[in-house]
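Comments concern the structure below.
Quick note: the coordinates plus some simple rules give every number you see, no bench work behind them. Because the structure is predicted, anything quoted here is derived from the model rather than measured. Neighbour counts are summed over all protein chains in view; Cβ atoms, including those assigned to glycine, are modelled from backbone coordinates with ideal geometry.
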Amino acid sequence: MFFTNLRTDTSSGVSAMDELHQLCGAAIDHASSCDDAAFEDGFESLLEQLHHAFATEDDWMEAIDYAAIKSHREQHARLLSALHHVQAEVLNGNLALGRRVVVDLLPKWLAVHIDTIDAVLAIVLHFDEDKVTPATSRHAFVPA
């Protein structure tokens with residue numbers, strides 16, 4: 001699928017972060033492949049995966065006392081806020097908007113986020129990798 005294929009050629013150098021990004025890509029791919037009857041659930045699963053991913057990154061940033069934690073969290077919060085607004089539209093039947101976000105806008109946002117903000121975090125995490133828990137830790141999310 002689009003997002004997973006887009007990201008397979010890159011590595012952050014931190015295996016747990018790469019795993020987290022792949023889980024997000026899989027959730028995007030799942031939601032984008034849902035038919036209309038299943039799209040609401042697919043979108044909700046995608047949101048749950050992003051909440052899991054961002055909470056996991058928060059744990060890592062707290063563990064290393066990351067200097068840019070506030071700005072990183074702000075980016076996550078802005079995206080989640082926007083996606084919750086889109087979810088309301090999806091629940092009201094605007095599947096076209098939801099699909100546009102899942103197929104086009106979200107993969108682009110995540111690609112930039114991963115290549116910039118997460119790349120800096122990965123450099124710092126690389127030096128404290130013993131503090132990086134697996135992506136399936138405390139905030140574990142398993143897609144349906």
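Annotation: peptides 72-81, 117-126, ranked by per-residue average of other Cβ atoms within 10 Å with the highest first, follow the order 117-126, 72-81.
Using a Förster distance of 41 angstrom, determine the FRET efficiency expected from the C-beta separation of HIS85 and ASP128, and round it to 0.05.
About 0.70, to the nearest 0.05.
Please give the residues of the range 24-46, grouped as numeric ranges, whose backbone N is less than 16 Å from a label point set 7 Å along the Cα-to-Cβ vector of LEU97. Once the point is set 7 Å along Cα→Cβ of LEU97, 40, 43-44 turn out to lie under 16 Å by backbone N, inside the range 24-46. Peptides 96-104, 13-21, 33-41 ranked from most to least packed, by the mean per-residue count of other Cβ atoms within 10 Å: 13-21, 96-104, 33-41.
In order along the range 58-64, the Karplus-derived 3J(HN,Hα) couplings, from 6.51 cos²θ - 1.76 cosθ + 1.60 at θ = phi - 60°, round to 4, 4, 4, 5, 5, 4, 9 Hz, and Gly and Pro are given as x.
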